[in-house]
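Worksheet for the structure shown next.
Laboratory data are not the source of any read-out in this text; all were calculated from the coordinates shown. Only a predicted model underlies this, so the values are computations on that prediction, with no experimental measurement involved. Cβ sites come from the backbone with ideal geometry, for glycine too, and all protein chains shown count toward neighbours.
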Amino acid sequence: MTQRPRQNPTKAAASAANPSPAQSRERAAGQPYYAAESFEPMRSIGFLIKRCGALMTQVAERRFEGQPISFTQWLGLMKLRYHAHLSATQLSAEIGHDMGALTRVVDGLESAGFVRRERSRQDRRAVEITLTAAGRRQVEARIQVLVDAMNELVETFSHSEVDTLIGLMQRMLAVLQDAVDEVQDPRPVAQRPLADFIKPITPPRKTPAARRGKGGKA
């Protein structure tokens, strides 16, 4: 069976930057950008963003080899550097880790004294994760590791091109965040009940021994 040759990313990028006359006419006419009959991965923003993210994670993980903390741990500390208190659910969403994997990451950071778990000031039933002074020193000492890696990745781009790319990515991030929020609840935030923002915690069931201790015979 003949294998389809892989598309050259450089050629794909050139094609994206220089649309055909037909594509230009379609855009000018206000037609949708994508069509099922011409859809391909190397022109899909979803595929390209996901693939770039996966490859950048691999690059960063290699740079953090030999460091006291892993890239994933550093990423969690970095998020807490900008958000003083985050719940496990919030931190999981921020760094793109499932709750099981995040628990192991936080456990390791807590054992090392870089984070601590504490009761929320807004809701005493909730537990939040916060950065310690040692954790802040650890994350700030490793920023240069990632800065060096990022500078190498963009060294073939002009500063203007990097600024343009960042601006477009920020716009796409806002569009995606709005889309996710709308799917979760299409109502405006002002119309949503307070209960939507507070996750209740079910109290643990009392054992027979505990009931006997409080009220005598079970």
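The charge dipole of segment 32-178, taken about its Cα centre with unit charges on the Cβ atoms of Lys, Arg (+1), Asp and Glu (-1) only, comes to about 680 debye. Peptide packing: for 147-158, 127-138, the average count of neighbouring Cβ atoms within 10 Å per residue gives the ranking 127-138, 147-158, highest mean first.
How many angstrom lie between the C-alpha centres of segment 117-143 and segment 79-100? Going from one Cα centre to the other spans 10 Å. Going by neighbour counts of Cβ atoms within 10 Å, the residues 80, 75 line up, fewest first, as 75, 80. Please say if segment 32-178 is rounded, prolate or oblate, where rounded means a/c under 1.5 for a ≥ b ≥ c the square roots of the C-alpha gyration tensor eigenvalues, and otherwise the choice is prolate for a/b larger than b/c and oblate otherwise? In terms of gyration-tensor shape, prolate.
Once you sort the root eigenvalues of the Cα gyration tensor of segment 43-125 as a ≥ b ≥ c, which label holds: rounded (a/c under 1.5), prolate (a/b larger than b/c) or oblate (the other case)? Oblate, since a/c reaches 1.5 and b/c is not below a/b.
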